[in-house]
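Everything on this sheet refers to the single structure shown next.
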Amino acid sequence: MTTVDVALAGAEPARVLQAASCRVREALPDPDAAQFTAQGPLTAQIDLADGARIQLVVGEAAPPAAHTPGTHLLVLSILRRGSLTADQEAALVEALRQVPFSDSELELVAGQMPLTLGLADRITDRPLAGTVLLIMAHFLEDLTGMLASAMRLGAAPETLVVVEKGYPYKSRARVVAHLREHRIAFFPSADIAEALAHQSTLARESGLKAVIIDDGGYAVPALIDQLPEQLAACAGLVEQTMSGIFKLEPYEGRIALPVFSVAQSRIKGTIESYWIADAAVRRIMELMPPHKVEGQPALVIGYGQVGSEIAHVLRGLRMRVAVFDRELMRMVVAHEAGYVTHKSLARLIGHHRPILIIGATGRQALSDDDLRELPAETFLASVTSRDGEFPLPALRDAAEAVEDEGLAGTTYVLPHGARATVLAHGFPVNFHYAESVHNRHSDLTLAALLVGACTLARDDHGFSDGHNVERTDAVLQESRLLEDYYDRYGPQLPTQPTAEDPA
């Protein structure tokens, strides 16, 4: 038996049951021979010619207090297997997981993203109508809100191209179903060149501009190295992450398009970092086996925007926190903040003996010498894009044994006896079978990305080729996103003056 949580209201349970039944039937070995029988508004049965029987039920979650109000469970049960193979059963389960989001779920997400969905009320000239917009995205629920906003800003489904970063997201299958339902083209990150070529073809054939929203520095390297003839045809790029900015460093002087750098903006650097840190640490504690962390040593490598917040969160858990950064100024700041530091990472690991090491550098955090200093048991967690924070090939080559820990990650048994468990198999922990930050938190950043896309879609954007950090901050300031955010979530003062208010 397999279940999927779905939030439903009104007549939606029957519609979702019908949609799920269609998807399950499509996954059968011989869909045309399957007999569908409705056994009431919330139950359906599918019989196969060989005697196999499948039942689908939509029921209210129990106990209701343990679930979000309005949540239902979509349940698939194989009552008789017949000649169904294990692979065919797995295909049925995957089909069930690809049930599209209900209207109630989409409305809930939209309600949690007022800044992103409200952009069209302020940007009324629909600038994205003149673009083919490519978005490198995490396949999380908030992508549905971002796409809805892009369409309100003028983008058509057929002129949207989505590239998936490829992490094992909790809602990935349902996001895929949403894209298919809206006929939005999508590609895996490994096929970024193919996605860019598709975007270029659409733009050329329709006479529209190509604009890119990137997350991790995927697009520019592909354009320069594989599709140089298409670089000049791109109107501009919006970059979300510092790891993406780092990926562009080898291409300085060759970036022949304007970059709207949300990654380096004050909005992202001063507000979003804590949310990411909090989500990452909570997910780390879920993935690690039960430990008493109070008083235990932890190490944060990379004392930037996110790393400094992670160190703060770990200290709040009463862990003994050490910090390393290759920039001496950041090391001084960490030392002055009371963290244990040392200019040699290997010596810091050997002295501090951390049970938990978190990489927040956006680059490779550990060397071979550092690995030899790992204590008897250590958990390694990355909070940056892709899986390059830790030297996974070196770990595998050096290990005397490699143990797959399933959801938690991979354990490497090193020659000096250390057991190093790389949580989430080296990918960022906050996206590992999770939704990362709440939609209300991602709202501000996603709105800023769309402001960037709308800006670059106009002929008079005033951006030069390469990074435009100051200009990006100026545009975001003019957008009034921060004012909207503060008005919505800041202090709610009385509307009438009180005796304590200054005259």
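The values are calculated or read from the model by the stated rules, or taken from the named source; none is laboratory data. Predicted model, so just to flag it, every value in this text is computed and none were measured. Positions of Cβ are generated from backbone atoms using ideal geometry, with glycine treated the same way; all protein chains shown enter the neighbour counts. Quick note on the areas: whole protein, heavy atoms, side chains included, nothing else; ligands and nucleic acids left out. Shrake-Rupley method; radii C 1.70, N 1.55, O 1.52, S 1.80 Å.
Here are the numbers for this structure:
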| item | result |
| --- | --- |
| Residues that are open to solvent by 40 Å² or more (accessible area, probe 1.4 Å) and in contact with a helix residue (DSSP H, G or I) (Cβ under 7 Å, 6 or more places away or on another chain), drawn from the range 461-486 | GLY462, VAL469, LEU482, ASP484, TYR485 |
| Residue within the range 287-295 that is more than 17 Å from SER479 (Cβ to Cβ) and in contact with a Leu (Cβ under 6 Å, 6 or more places away or on another chain) present | yes |
| Test: ALA210 is small (Gly, Ala, Ser), touching a Ser or Thr at 6+ places or on another chain (Cβ under 7 Å), under 26 Å from PRO188 (Cα atoms) and buried (at least 21 other Cβ atoms within 10 Å of the Cβ) | yes |
| Residue match in the range 222-231 (condition: assigned to a helix (DSSP H, G or I), in contact with a Ser or Thr (Cβ under 6 Å, 6 or more places away or on another chain) and on the phi < 0 side of the Ramachandran plot) | yes |
| Matching strands (runs of 3 or more DSSP E) fully within the range 87-194 where at least 1 residues are out of contact with any Phe, Trp or Tyr (no Cβ under 6 Å at 6 or more places or on another chain), under 29 Å from ARG25 (Cα atoms) and open to solvent by less than 10 Å² (accessible area, probe 1.4 Å) | 160-164 |
| Filter result for the condition that a residue is within 30 Å of ALA376 (Cα to Cα) and in contact (Cβ under 8 Å) with a residue 12 or more places away in the chain, over VAL402, VAL422, VAL469 | VAL422 |
| First in the range 200-215 and over 18 Å from GLY154 (Cα atoms), second anywhere and open to solvent by less than 50 Å² (accessible area, probe 1.4 Å) and part of a helix (DSSP H, G or I), Cβ under 8 Å, 6 or more apart | SER200/GLN230; ASP214/VAL220; ASP214/GLY244; ASP215/GLY244 |
| Which listed residue is in a helix (DSSP H, G or I) and closer than 22 Å to GLY216 by Cβ, from ILE310, ILE349, ILE358 | ILE310 |
| Test: VAL323 is in contact (Cβ under 8 Å) with a residue 24 or more places away in the chain, open to solvent by less than 10 Å² (accessible area, probe 1.4 Å) and over 30 Å from LEU481 (Cβ atoms) | yes |
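This table checks each residue for (1) within 21 Å of GLY295 (Cα to Cα); (2) hydroxyl-bearing (Ser, Thr, Tyr); (3) open to solvent by less than 60 Å² (accessible area, probe 1.4 Å).
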residue	(1), (2), (3)
HIS351	yes, no, no
GLY362	no, no, yes
ASP369	no, no, no
THR378	yes, yes, yes
TYR412	no, yes, yes
VAL422	no, no, yes
ASN430	no, no, yes
SER436	no, yes, yes
